[in-house]
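Here is the structure we will look at.
No lab work stands behind these numbers, since they all come straight from the coordinates. Everything numeric here is computed off the predicted structure, so don't read it as measured data. Every residue, glycine as well, gets a Cβ built from its backbone with ideal geometry; the counts of neighbours run over all protein chains shown.
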């Protein structure tokens with residue numbers, strides 16, 4: 001039960017509502033067919049992570065005493081039951097969408113996904129040859145005996161739960177086996193085109209079709225195989241000390257993660273009840289962990305579903321735009337000296353950021369590069385530029401956050417590569433994740449040091465920059481650069497940065513700075529001045545910030561929220577939030593930017609940030625918010641936000657229904673933002 005004295009949505013239930021909005025995109029008739037399949041994949045992948053992290057945390061809370069539970073404002077056991085109820089409903093909707101897309105909509109495009117029962121004579125030899133040459137050697141079935149312990153199932157791997165059935169007279173003599181499906185082979189096999197249709201089959205069904213080749217030395221009357229997938233607790237219990245021993249401990253912890261406590265068993269709902277009973281008895285899972293699913297699990301693989309029928313089945317390609325003034329081969333640093341630049345990803349090219357780093361790497365006058373790195377591309381051009389800088393004699397300092405969830409192993413590998421190239425790697429601060437996105441370049445100009453800063457709302461990752469909507473600022477403004485120097489000088493000494501006037505830095509100062517800005521709007525409203533806030537972020541869950549927004553609403557401050565993910569605030573509640581509107585935008589790009597606009601009595605203030613208003617971002621991470629002082633850039637960001645507030649195509653109110661069309665025109669903000677930047681840049 002919620003113990004707060006104001007309206008507040010449980011964050012886990014709010015997250016599930018966000019994931020349902022993702023699922024709604026798969027049902028949108030205006031979304032191209034292949035993109036619908038991708039949204040099904042994203043929904044599934046999101047849910048996997050939710051169980052690995054959030055449900056795992058709730059399970060841990062059920063083990064602590066009642067007094068401790070009250071600190072979280074809700075009953076974990078009750079929440080777990082509510083989660084299961086919602087997830088089961090969403091899985092039903094998922095299955096309905098799957099059936100419609102794969103049986104009806106694909107057929108209209110002359111695409112057919114066949115199963116093992118639909119392999120006709122013309123495909124028989126092709127499928128069997130593919131299985132024998134590509135698949136058979138990768139399969140390792142494990143027989144299950146009464147006295148033999150059930151094998152440890154890997155986290156998120158897909159398995160077949162198999163029964164070798166004797167004849168009806170041989171009661172109790174059935175054999176059982178579990179077999180992992182290979183993940184190094186493409187899940188989708190396109191079959192030779194014979195009748196003018198594009199046919200493909202999943203690897204799962206090829207294996208089902210050829211199970212006789214796997215169990216050739218057993219006698220049985222029939223064989224059946226059903227998919228199962230176990231999701232485990234993904235949290236790591238590690239000491240907070242950040243040093244080389246910590247890295248070793250983290251590496252070992254990652255191996256243990258594969259054997260974390262089971263959180264969810266997703267299973268093919270078509271599995272016979274008696275076979276399901278044998279499985280659950282062997283696994284010894286509680287009923288809350290059992291989630292009925294589709295015939296095909298690990299649906300995240302469908303993000304790579306092949307388009308075999310034409311470009312019209314996907315979103316049209318929109319090439320990234322150049323930033324006016326940064327195009328061409330002229331020095332980026334020289335141009336940033338004259339004015340600030342804003343890069344709006346993915347509408348504009350991430351290459352501008354790479355060019356900034358590459359220029360710094362080979363410029364003879366650049367002496368130092370400092371950067372924080374959280375998530376990186378698989379083949380990171382950012383890392384290549386930093387290594388190039390070190391080889392050219394620059395002092396390069398990289399703070400790599402090795403505890404970035406699910407990127408830990410990749411980041412450990414990057415730290416080793418950087419250290420091999422004489423880059424000074426800093427592992428962060430004990431007890432705090434470094435989530436800030438900042439790079440500082442120091443250059444000698446006329447025997448004096450000049451500083452250039454790159455600040456962003458998103459990661460320095462050229463892969464995700466193609467999908468995540470973020471803002472990146474390039475500036476040489478001394479107000480910002482001076483504090484950036486201070487930020488790194490303190491951080492590199494393993495101390496928490498504080499004492500800033502322009503930057504808004506967590507964990508020491510950001511909460512109070514944001515609260516002060518809200519209080520200022522309340523004072524403006526009471527004085528009859530312009531008082532409003534437009535706040536865009538991924539998640540709004542911190543109870544103190546929500547309470548302060550309610551106070552502002554009651555004081556007459558007009559508040560507009562654009563929240564992509566979790567939102568624990570409830571708008572339009574009389575006496576609390578009658579002056580608050582809240583929307584969420586789900587479209588082809590992931591809305592990832594954090595933008596904070598304050599009316600300030602007519603002298604509007606605008607900030608960008610790496611941080612959401614969640615307790616972890618405000619109190620337990622090193623984050624950076626930064627002001628926009630350039631009026632031209634401020635106007636550009638404000639216009640982008642206004643386009644998002646007009647969206648009546650992909651925006652949903654907090655009840656997750658699409659906003660009513662208030663004019664004769666449909667507004668789709670991501671399309672209109674691209675067009676705006678194309679015309680004005």
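Counting 0.36 nm for each residue step from residue 295 to residue 639 and taking away their Cα separation leaves a gain of 119.3 nm.
Here the extension length gained between residue 216 and residue 448 equals 75.7 nm, from 0.36 nm per residue of separation less the Cα-Cα distance. Rounded to the nearest 10 degrees, the inclination of helix 244-257 to the longest alpha-carbon principal axis of the chain is 40 degrees. Taking a ≥ b ≥ c as the square roots of the Cα gyration tensor eigenvalues, with a/c under 1.5 meaning rounded and otherwise prolate when a/b beats b/c, else oblate, which class fits segment 530-630? Here segment 530-630 falls in the rounded category.
Three principal axis extents of segment 504-680 based on alpha-carbon atoms, in descending order, are 42, 36, 32 Å. Counting other Cβ atoms within 10 Å as a rough exposure proxy, the listed residues 226, 676 run 676, 226 from fewest neighbours to most.
Segment 548-619 and segment 75-120 have Cα centres lying 34 Å from one another. Rounded to the nearest Å, what's the spacing between the alpha carbon centres of segment 286-342 and segment 400-457? Just the number, please. Value for the Cα centre distance between the two parts: 24 Å. Pick the calculated Rg/Rh (Cα atoms, Kirkwood Rh) for this structure from (i) 0.99; (ii) 1.20; (iii) 0.97? Looking at Rg/Rh (Cα atoms, Kirkwood Rh) for this model, the match is (i). Remark: spin-label model distance residue 57-residue 680 equals 3.7 nm, labels positioned 7 Å along the Cα→Cβ axis. The convex hull around the C-alpha trace of segment 332-491, projected and averaged over every direction, spans 8.9 square nanometres.
Each of 205, 195 was scored by other Cβ atoms within 10 Å of its Cβ. Listed from fewest to most, they are 195, 205.
If a spin label sat at a point 7 angstrom from the Cα of residue 110 along the line to its beta carbon, the backbone N atoms of segment 296-324 nearer than 11 Å would be those of 309-310. Among bridges DSSP assigns within the chain, what percent are antiparallel (round to 5)? In the chain, approximately 65 percent of DSSP beta bridges are antiparallel ones. Summed over qualifying helices (DSSP H, 4 residues or more, each -39500 (n - 2.57)) and divided by its residue number, the chain shows a 222 nm mean residue ellipticity of -10500 deg cm²/dmol. Under 17 Å from a label point set 7 Å out along the Cα-to-Cβ vector of residue 190, the amide N atoms of segment 111-147 belong to 111-114, 127. Let me know the shape class of segment 96-242, please: from the alpha-carbon gyration tensor, a ≥ b ≥ c as square roots of the eigenvalues, rounded when a/c is under 1.5, otherwise prolate if a/b is greater than b/c, or oblate. It is oblate, given that a/c is not under 1.5 and a/b is not larger than b/c.
Multiply the residue separation of residue 274 and residue 620 by 0.36 nm, subtract the distance between their alpha-carbon atoms, and state the gained length in nm to one decimal.
Details: separation 346, 0.36 × 346 = 124.56 nm, distance 4.83 nm.
Stretched out fully, the residue 274 to residue 620 stretch lengthens by 119.7 nm.
Using only the alpha-carbon atoms, how far is helix 381-391 inclined from the longest principal axis of the chain? Give it as 0 to 90 degrees, nearest 10. On a 0 to 90 degree scale, this one is about 60. The ranking of 398, 439 by Cβ neighbour count inside 10 Å, starting from the fewest, reads 398, 439.
Taking Cα atoms only, the orientation of helix 33-50 departs from the longest principal axis of the chain by about 80 degrees. Volume of the convex hull of segment 11-313 (Cα atoms only), normalised per residue: 179 Å³. Here segment 526-681 carries DSSP beta bridges of which approximately 55% are antiparallel, counting only pairs with both residues inside. Take the Cα of residue 466, step 7 Å toward its Cβ, do the same at residue 103, and the gap between the two points is 3.5 nm. The modelled label-to-label distance between residue 183 and residue 515, using points 7 Å beyond Cα along the C-beta direction, is 4.3 nm.
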